[in-house]
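Participant: Here it is: the structure, laid out below.
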Amino acid sequence: MAFLLICIIGPGACLVEIRDLRRSGAATSGASAGGSSTGATSAGGGTAAGPCPADMVHVTDPEVAATDFCIDRTEVTQKQYGAFLVAVGNDVAETDQPTQCASNDLLQQSGAYCPDSRPAPNEPVNCVDWCDAWAYCNHVGKRLCGAIGGGDLASDDPGSSDEWELACSNGSRRAYPYGDTAELCTCYFPRSWEEEDPNGLCGNDSLENFNAHAEVGSHPDCEGGFPGLFDMTGNIAEWTNRCDSEAPDAACVARGGFTFGGYAYDDCYQRSRTWPRIEDAPGGNFDVGIRCCADVE
């Protein structure tokens, strides 16, 4: 059952928000300050009620100029990426990639922790490089999250220009998508390596190792910085259109993913995790996946 919310916070206003009935088990949280989420159902489908498709969240902010875009509600799943591979015949030549990706030979790596060895349709796709992620988003009529207003970002561009960062932080109003303070196990980190959770599994006793991923949206408290947006930190890293150069071997930034250290490490502003633009080695990028952005309709 949808409902309407209008709130006023400080000098900015929270725009109209139409909440959605997400899939069973996904809880609803409070409205974010200064933004809106319109259109809504689960990531699996439904009818959009606003300027974004039903599988995306509308991000807008009256205090940040030109902020008006859509972002995927969840990380791209193995099932969604598999449909893309079928559509293009798993052939790089059948995709439209930028010139920096001319030497990209594969659309997905294989390996012990990759979908070919560990199929799980509702878990986030992994073992994809930046070029693969770009190709997928382009194929489905979206794009990698980059600069507000469209385009790519240099490695040293400010966060105020970054679509992904703005969506995660609710316009730089919070450190984590769900609030200002890091919370152990609110988002899914297979191994947080903290004293509070010495086994590092957050109660997931069935997990065999720290390389396992969770189904997208399966941690309902890991919602924000806008309502209906899940797993912006934890589970798996997500490629963004932020690289240190236009070279084929440039280092590109993946945001909001797994942690090798404290669970507080992956806040919305963490930009130090990078990988090469192209990676065709077996098992490469086993902890990197995809989340797309798009212009409003």
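Any read-out appearing in this document is the output of simple, stated calculations on the displayed coordinates, not a laboratory observation. What you see is a predicted model; the values in this text were computed from it and never measured. Cβ coordinates were reconstructed from backbone atoms using ideal geometry, including for glycine residues, and neighbour counts include every protein chain displayed.
Participant: With a ≥ b ≥ c the root eigenvalues of the C-alpha gyration tensor of the range 252-297, is it rounded (a/c under 1.5), prolate (a/b larger than b/c) or oblate?
Facilitator: Here the range 252-297 falls in the oblate category.
Participant: Counting Lys +1, Arg +1, Asp -1, Glu -1, what net charge surrounds D116 among other residues with beta carbon under 15 Å of its beta carbon?
Facilitator: -1
Participant: Moving on to the next point. Among DSSP beta bridges lying fully in the range 75-297, give the percent that are antiparallel, nearest 5.
Facilitator: 75 percent
Participant: At q = 0.13, 0.25 Å⁻¹, what base-10 log of I(q)/I(0) does the Debye formula yield for the range 92-142 when every alpha carbon is treated as an equal point scatterer in vacuo?
Facilitator: Per q value, in the given order, log10 I(q)/I(0) is -0.33, -0.98.
Participant: List the relative contact order of the range 75-297 as a percent without decimals, with contacts defined as Cα pairs under 8 Å and 6+ residues apart.
Facilitator: With pairs under 8 Å counted, the relative contact order is 29 percent.
Participant: Can you give the Kirkwood hydrodynamic radius for the range 75-297, in Å, rounded to one decimal and based on Cα pairs?
Facilitator: It works out to 17.4 Å.
Participant: Can you tell me the FRET efficiency between A102 and D221 if r is taken as the Cβ-Cβ distance and R0 is 35 Å, rounded to the nearest 0.05?
Facilitator: Step by step, r from the Cβ atoms, then E = 0.25.
Participant: Can you put T67, T259 in order, fewest other beta carbons within 10 Å first?
Facilitator: The fewest-first ordering by Cβ neighbours comes to T67, T259.
Participant: Of E297, E215, how do they rank once you tally other Cβ atoms within 10 Å and put the fewest first?
Facilitator: Fewest to most other Cβ atoms nearby, the residues stand as E297, E215.
Participant: Follow-up. What shape does the range 110-191 have by the C-alpha gyration tensor, where a ≥ b ≥ c are the square roots of the eigenvalues, rounded means a/c under 1.5, and otherwise prolate means a/b greater than b/c and oblate the rest?
Facilitator: oblate
Participant: List I278, I290 from most exposed to least, where exposure is judged by having the fewest other Cβ atoms within 10 Å.
Facilitator: I278, I290
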